[in-house]
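Following: one structure in structure tokens, then a few remarks.
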There are 2 protein chains.
Amino acid sequence: MPPSHTPGLDDGRAADPLQGTVDALVQLSFLVQGLLTRVAADHELSLVQVRLLGILRDRRPGMLELARHLDLDKSSMTGLVTRAERRGLVERLPSPHDGRGVLVGLTPLGRELTDRFTAEMDRRMAALTASLTAAEHTQIRALSAGLLRAAAEQA
Amino acid sequence: MPPSHTPGLDDGRAADPLQGTVDALVQLSFLVQGLLTRVAADHELSLVQVRLLGILRDRRPGMLELARHLDLDKSSMTGLVTRAERRGLVERLPSPHDGRGVLVGLTPLGRELTDRFTAEMDRRMAALTASLTAAEHTQIRALSAGLLRAAAEQA
DNA sequence: TATTGTTATACTCTATAACTATA
DNA sequence: TATAGTTATAGAGTATAACAATA
């Protein structure tokens, strides 16, 4: 792989057109993740907390299901949920069907924060993609869908 | 914002073509970062360690310069470099021009590991993009370059 | 016995504030 | 005084192993 693979390697001086596809995808991923991380931090959230809240927008899963979605060990979920609970963003509810289980759901405060984060992220991403043509928007969606499909097939 | 914003939200069932540009970019970024993280873990590296080693491939910066590149506080660098040093991947050298400073460089072992990581990452990304047409490869590079430029302009 | 979740423990990563040594 | 770097400390995030309670 050519020059970088990661940001921080190029100082901004390497906006070269010879950049390969791998570097393009890697650098783009760091750009988007950096934006996500900064907007999350502005809301006093970490990236994993944003993901947690995002999952809970339309579900009320148990701890194991959450762990699967986030690709974490179940033991890592306990602290993650507890910290979010301490901030009043989520709540643990006893599972009605299984005395061992708990269900995790958003509180109204958690939903508000999630919505505010999402709105701000949309705003920032819109600013970033403002200069793209309609054709380029279409390209992005198609390329992303294609690569996600390829990844799913490999798994 | 539509449905997700993050992976783990869609179960794989939401490969829908109505996905917006923001979601496309966010999901693509999680795909690439997930791959980076997994390949890094296969080499017993974290993402930030990969970035550190990547920076050192063609430089021998001081701690402050490293902190700037990685967007970390200088105090965070001490432990990061110390842990890498303990594993024999990098070394601290006294700065020849400044009695206070140290320069950080890759060891031969660190360079080997960096090269192995990079080769594996290339292999995995190549597998992912294997089915893309030449035109699509060009599109990715152009889109990435354009968005990185837009981000640079905003900063 | 198997499953759900927590606890105990240890490590990485990160920041803030205070410090040392050199410039 | 200012700068380069470390230390002390605190906290988030993660995993492994052992545990409790329920199925």
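Read-outs: derived from the displayed coordinates by stated rules, not from any lab. What you are looking at is a predicted structure, and each value in this text was computed from that prediction instead of being measured. Every residue, glycine among them, receives a Cβ derived from its backbone with ideal geometry; neighbour counts consider all protein chains shown.
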Nearest-20 debye value, segment B:77-127 charge dipole, Cβ charges on Lys, Arg, Asp, Glu: 180
Among B:Leu128, B:Gly34, B:Gly105 the positive-end extreme of the charge dipole of chain B (Cβ point charges): B:Gly105
Ellipsoid equivalent to the protein assembly as shown - semi-axes via the Cα gyration tensor, in Å: 33, 26, 19
For B:His69, B:His137, order by how many other beta-carbon atoms lie within 10 Å, fewest first: B:His137, B:His69
Burial ordering of B:Asp71, A:Asp23, fewest other beta-carbon atoms within 10 Å first: B:Asp71, A:Asp23
Rg followed by Dmax, in Å, when chain A is reduced to its Cα trace: 18.9, 59
CD proxy at 222 nm, helix term only [per DSSP H run n ≥ 4: -39500 (n - 2.57); per residue of chain A; nearest 500]: -20500 deg cm²/dmol
Percent of C-alpha pairs per 5 Å bin, segment A:26-107, short to long: 3, 14, 24, 24, 17, 9, 5, 3, 1, 0
Unit charges at the beta carbon, dipole of chain B: most positive-side option, B:Ile140, B:Gln49, B:Leu25: B:Gln49
Chain B: DSSP helices with Cα axial extent of at least 20 Å and average Kyte-Doolittle hydropathy no lower than -1.0: B:21-42, B:108-128, B:134-154
Neighbourhood net charge (13 Å Cβ-Cβ; Lys/Arg +1, Asp/Glu -1) for B:Ala130: 0
Full-stretch length increase - A:Leu109, A:Ala134 - with 0.36 nm per residue and alpha-carbon distance subtracted: 5.4 nm
